[in-house]
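Visitor: The following block contains the structure, expressed as structure tokens.
The values are calculated or read from the model by the stated rules, or taken from the named source; none is laboratory data. All values reported here derive from a predicted model rather than from experimental measurement. Positions of Cβ are backbone-derived with ideal geometry, glycine not excepted, and every protein chain shown enters the neighbour counts.
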Amino acid sequence: MTRDTVTAALRILLAIAMSVATVKSYIDAAADWAANGYPDRVTLNVNFAAYFTIQSNVLGAVVLVIAAVLLLRRGRDRSGRAGRGSSAGAEPSWLTTLRLIVLVDMTITGIVYNVLLRGIAVHGGGSGPDWPSEIHHVVAPALIIVDWLVGPGRGRVPWKRLWLTLIHPLAWAAVALLRGPLVYDQTQSRQSWYPYPFLDPALSPTGYASVWIYVVGIALLFGVVAALGILVTRIRRREPARPAAG
């Protein structure tokens, strides 16, 4: 079994674990909605999908599967030409960029949860301190970082692609802040719903000023993580030593 095959299998297993954790979180949330008799299930479902954790884990699982399949295909093509056990070589640049986006999303998901949200109740998302949450916020981010550092196939990412890693988080934050005051929170019986407490001006000591400090700080953290991720791709890897001819 080659390194590429093992890596592909591990990526698929991680994607399955992330997907199972997401489904379990949804089942737990839906059970809570039913037990409390909340009437507007459409809004509750949209709220569940509005969590950055859910979005980043769904995206991560999809990209992991794509990366695994392409790694296996390229490995077979390469082994057919150069003999068994050879590496698949660099993956398509668009896939490396997608993997970078997932790396940044999942790294920030892990950091923000463990620094700001661990132990804090997040209503309506099934994101309590249980095994799905640990997979979403600890196991998956850690393994995706490891895959980025040592996994085969990663190509060189140009610096100009850094901004692509900011599209999802900035769009997510904009939607969350614009939508928040318009949504009635059935779980707390109040007008306004935000995915996370640090986005809620009513829960911040200085209102929107505190919210914007968090948003800007996290956006900068996204940029730093993205820059580190790109830097890793621009450091030449050592190739395994080849036996001397003759």
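Visitor: Has region 157-177 got any residue that is surrounded by 12 or more Cβ atoms within 10 Å (Cβ to Cβ), farther than 30 Å from Pro92 by Cβ and at pLDDT 95 or above?
Guide: Yes - at least one qualifying residue is present in region 157-177.
Visitor: Starting from region 3-23, take each residue that is farther than 26 Å from Ser133 by Cβ and crowded, with 21+ Cβ neighbours inside 10 Å and list its partners that are basic (Lys, Arg) and modelled with pLDDT under 95, counting only C-beta distances under 8 angstrom and pairs at least six apart or across chains.
Guide: Asp4/Arg74
Visitor: Across region 23-76, what is the number of residues that are within 16 Å of the chain's Cα centre (by Cα) and at pLDDT 95 or above?
Guide: Here the count works out to 21.
Visitor: Still on this structure, I have one more. Go through Gly85, Gly126, Gly153 for me and flag whichever is at positive phi, loosely packed, with under 15 Cβ neighbours inside 10 Å and at pLDDT below 95.
Guide: Only one candidate qualifies: Gly85.
Visitor: Being touching a residue at least 12 places away in the same chain (Cβ under 8 Å), in a helix (DSSP H, G or I) and more than 15 Å from Gly110 (Cα to Cα) narrows it down to one residue among Ile218, Ile230; which is it?
Guide: Only one candidate passes the filter, namely Ile230.
Visitor: Could you list, in sequence order, all residues of region 146-197 that are more than 18 Å from the chain's Cα centre (by Cα), closer than 21 Å to Thr97 by Cα, of a type outside the set (D, E, K, R) and not in a helix (DSSP H, G or I)?
Guide: Within region 146-197, Pro152, Gly153, Gly155, Val157, Pro158 meet the criteria.
Visitor: Name the one entry in Ala29, Ala68 that is in contact with a helix residue (DSSP H, G or I) (Cβ under 9 Å, 6 or more places away or on another chain), closer than 21 Å to Tyr113 by Cβ and in a helix (DSSP H, G or I).
Guide: Exactly one of Ala29, Ala68 is in contact with a helix residue (DSSP H, G or I) (Cβ under 9 Å, 6 or more places away or on another chain), closer than 21 Å to Tyr113 by Cβ and in a helix (DSSP H, G or I), namely Ala29.
Visitor: When you look at Arg236, is it modelled with pLDDT under 95 and surrounded by fewer than 18 Cβ atoms within 10 Å (Cβ to Cβ), yes or no?
Guide: yes
Visitor: Of all the residues that make up region 35-59, how many are part of a helix (DSSP H, G or I) and touching a residue at least 12 places away in the same chain (Cβ under 8 Å)?
Guide: Adding up the residues that qualify gives 13.
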